[in-house]
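Here is the structure we will look at, set down as structure tokens.
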Amino acid sequence: MHDILAGFRAALGLIATFDAELWDISLRSLQVSLSALVIASAIAIPLGTLLAVQRFRFRRLVISVINALMGLPPVVVGLMVYLLLSRSGPFGVLGLLFTPWAMIVAQVIIITPLIASIAHQAMRELWAEYHDLLISLNARKSQRIATLIWDGRRSLLTAALAGFGRAIGEVGAIMIVGGNIDQVTRVLTTAIALETSRGDFALALGLGFVLIGLALMVSLATHWLSRTESGERW
Amino acid sequence: MVNAMFPLALQGVTVARRGRPVLGPVDLVLGQGGPTMILGPNGSGKTTLLRVMHGLERIGAGSVGWQRDAPDRRAFVFQTPVMLRRSTIENLCYPLRLRGVGRADARQAAAGWLARIGLSDHAHRPATRLSGGERQKLALARALIGQPDAVFLDEPCSNLDGHATREIETLLRAAAQSGTRIVMATHDMGQARRLAADVVFLVAGRIVETGAAPAIFAAPKTPAFRAFLNGDIVT
Ligand SMILES: Nc1ncnc2c1ncn2[C@@H]1O[C@H](COP(=O)(O)OP(=O)(O)O)[C@@H](O)[C@H]1O
Ligand SMILES: [Mg+2]
């Protein structure tokens with residue numbers, strides 16, 4: 001009990017004084033997960049929209065694959081990315097293993113199916129609502145897609161936030177492909193795992209608070225977005 | 001005023017849904033005049049016929065022939081208005097923006113229409129917050145803002161009170177005056193008599209009687225239409 005209280009106090013101290021290491025790790029976490037979020041969204045949102053709007057031959061198959069990929073254990077994703085990026089792997093020459101890029105790749109693979117699936121669901125509902133109107137107004141396919149993405153932007157942002165939450169809290173895959181190297185690939189989750197095993201509870205707790213703070217901000221933002229959806233303004 | 005899109009000729013048109021025939025075979029020519037009122041009991045195929053004419057519905061057989069086809073010169077007003085999740089004024093700008101009209105020009109045109117339909121005060125509120133009558137007025141204005149050659153309306157006043165209905169009818173008369181060909185399904189016999197230049201009467205997916213108003217109301221040729229006008233149940 002004493003340990004925990006002391007750790008608590010020390011953690012608050014680290015946060016209050018903007019401890020350099022804590023700051024550095026938190027920033028890297030944000031960098032990696034935000035990069036993964038941008039890349040994953042750029043793939044998942046058009047994909048989810050296309051799956052809602054366009055009938056094509058392997059549409060159902062693609063949806064099943066996405067849903068299956070959503071359930072992939074992150075550790076397995078980490079292992080696969082490791083094999084692909086390791087020196088003897090097909091992408092070994094790029095030298096990405098144990099860099100933040102490897103972590104971004106792993107997170108992109110983990111959150112793209114999640115964002116695509118949520119986006120697809122939201123876009124499907126909106127398309128059912130808009131279909132006849134947009135056809136009757138003779139909107140071209142690209143215009144239909146643009147309209148859906150714009151008018152469904154809140155739901156899409158919610159989808160993206162869900163992806164971000166998953167990315168920033170993920171530890172298994174990035175531990176494997178990033179290696180948790182000090183000042184290079186150490187992020188909030190991997191640092192917490194390390195400091196806990198080392199017994200430095202102050203830093204671990206401080207990192208934990210930052211992580212909880214970020215997660216809280218994401219869920220508050222999601223809540224706020226879904227509230228304004230039914231509010232007075234779009 | 002000559003409307004280059006008409007006449008519209010439907011020949012042997014059929015529509016099936018889930019393997020069940022719901023319309024046709026229908027042969028019909030819509031000439032320059034109008035407004036045309038489509039009448040018939042529930043489920044007789046009024047909505048389906050309108051959708052076929054506009055091009056929203058895939059036909060099983062037959063042909064839909066325009067004098068001069070121009071998909072972007074046709075508009076549709078649905079029974080339940082579909083509001084884009086945007087402000088009232090943005091809903092009006094939308095069809096113009098689709099055609100590449102600049103933002104400022106579209107806004108100006110939309111503001112004019114909003115004043116005309118009495119929704120200027122609601123310009124920047126979400127269209128989904130409007131009342132039923134306001135939505136349908138907005139939907140009609142959105143259909144008319146691009147000055148279409150033809151507008152198809154599916155019972156646009158079925159959920160409206162007398163006041164809103166009168167406003168819609170005023171807008172329709174003005175549109176007809178300025179050369180837009182109006183084709184409308186309605187349930188409201190009073191409305192049909194007020195607006196119709198000619199009538200198409202459907203029962204069970206087939207055209208039973210057509211003719212010019214007001215003669216067709218005064219002297220229906222078929223027992224079915226006579227019964228319908230009397231308010232008897234027709235199936
Ligand atoms: N989505 C649908 N699926 C199956 N049948 C439908 C559907 N919509 C309409 N129908 C059927 O098609 C027929 C014509 O419908 P409709 O054109 O809506 O008639 P109306 O507008 O005159 O009431 C009806 O028998 C109706 O039950
Ligand atoms: Mg109907």
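The values are calculated or read from the model by the stated rules, or taken from the named source; none is laboratory data. Given the structure is predicted, the values throughout are model-derived calculations rather than measurements. As a convention, Cβ positions derive from the backbone with ideal geometry for all residues, glycine included, and neighbour counts pool all protein chains shown. Note: areas computed on protein heavy atoms with side chains; ligands, DNA, RNA excluded. Shrake-Rupley method; radii C 1.70, N 1.55, O 1.52, S 1.80 Å.
So what are the three principal axis dimensions of chain B from its Cα atoms, in whole Å, longest to shortest?
Rounded to whole Å, the extents work out to 53, 39, 35 Å.
Give me the Å³ per residue figure for the convex hull around the C-alpha atoms of the protein assembly as shown.
In the protein assembly as shown, the Cα convex hull volume per residue is 205 Å³.
Picking from B:G132, B:G190, B:G205, which is most flexible by a Gaussian network model of chain B using Cα springs under 10 Å?
Looking only at B:G132, B:G190, B:G205, the biggest GNM fluctuation is shown by B:G190.
For chain B, what is the accessible area per residue in Å², given a 1.4 Å probe and the full set of protein chains?
So chain B comes to 44 Å² accessible per residue, rounded to a whole number.
Between B:L39 and residues 5 or more places away or on another chain, which pairs have amide H atoms under 5 Å apart, with H built 1.01 Å from N, and which residues are they?
Residues meeting the criterion, in which the H sits 1.01 Å from N, are B:V200, B:F201, B:L202.
May I ask what percent, to the nearest 5, of DSSP beta bridges between residues of chain B are antiparallel?
Approximately 55 percent, going by the DSSP bridge assignments.
Distance between Cα centroids, the stretch B:1-76 to the stretch B:158-186: provide it in whole Å.
19
Within the stretch B:54-86, report the chymotrypsin sites (Phe, Trp or Tyr not before Pro) that DSSP leaves as loop and that have at most 11 other Cβ atoms within 10 Å.
For chymotrypsin sites (Phe, Trp or Tyr not before Pro) across the stretch B:54-86 that sit outside H, G, I, E and B with at most 11 neighbouring Cβ atoms in 10 Å, the list is empty.
Taking a quarter of the surface of the Cα convex hull of the stretch A:27-197, what do you get in nm²?
11.2
Run the helix sum for the protein assembly as shown: -39,500 (n - 2.57) per DSSP H stretch of 4+ residues, divided by residue count, reported at 222 nm to the nearest 500 deg cm²/dmol.
-18500 deg cm²/dmol
In the neighborhood of A:A102, defined by Cβ-to-Cβ distances under 14 Å, what is the net charge if each Lys or Arg adds +1 and each Asp or Glu adds -1?
+2
Karplus couplings for the stretch A:200-210 from phi (6.51 cos²θ - 1.76 cosθ + 1.60, θ = phi - 60°), rounded to Hz, Gly and Pro as x?
Listing the rounded values in order: 8, 6, 4, 5, 4, 5, x, 4, x, 4, 4 Hz.
Provide the per-residue ³J(HN,Hα) series for the stretch B:169-181, in order, calculated from phi with Karplus coefficients 6.51, -1.76, 1.60 and θ = phi - 60°, each as a whole number of Hz, with x at glycine and proline positions.
Calculated HN-Hα couplings, in order: 5, 4, 5, 5, 4, 5, 5, 4, 4, 8, x, 7, 7 Hz.
Which whole-number percent is the relative contact order of chain A (Cα, under 8 Å, 6+ apart)?
32
Amide H neighbours of B:V77 under 5 Å, at least 5 residues apart or on other chains, H built in the peptide plane: list them.
B:F152, B:L153, B:D154
So, counting K/R as plus one and D/E as minus one, what does the shell of residues with Cβ under 13 Å around B:A4 add up to?
Spelling it out: positives minus negatives among the neighbours equals +2.
Once R0 is set to 41 Å, what does the formula 1/(1 + (r/R0)^6) return for the Cβ-Cβ distance between A:A68 and B:R99, expressed as a FRET efficiency to the nearest 0.05?
With R0 = 41 Å, the Cβ-Cβ based efficiency is 0.45.
Taking θ as phi - 60°, what are the ³J(HN,Hα) couplings along the stretch A:27-37 by the Karplus curve (6.51, -1.76, 1.60), each to the nearest whole Hz, with x for Gly and Pro?
4, 5, 4, 4, 4, 4, 6, 5, 4, 4, 4
If I stretch the segment between A:D3 and A:H223 completely, what's the gain in nm (0.36 nm per residue apart, minus their alpha carbon distance), one decimal?
75.7 nm
For B:G211, list long-range residues whose amide hydrogen, built 1.01 Å from N in the peptide plane, is under 5 Å from its own amide hydrogen.
Counting only residues 5 or more places away or on other chains, the set is B:V199.
Quick check: net charge around A:W150, other residues with Cβ under 13 Å of its Cβ, Lys/Arg +1 and Asp/Glu -1?
Summing Lys and Arg as +1 and Asp and Glu as -1 gives +4.
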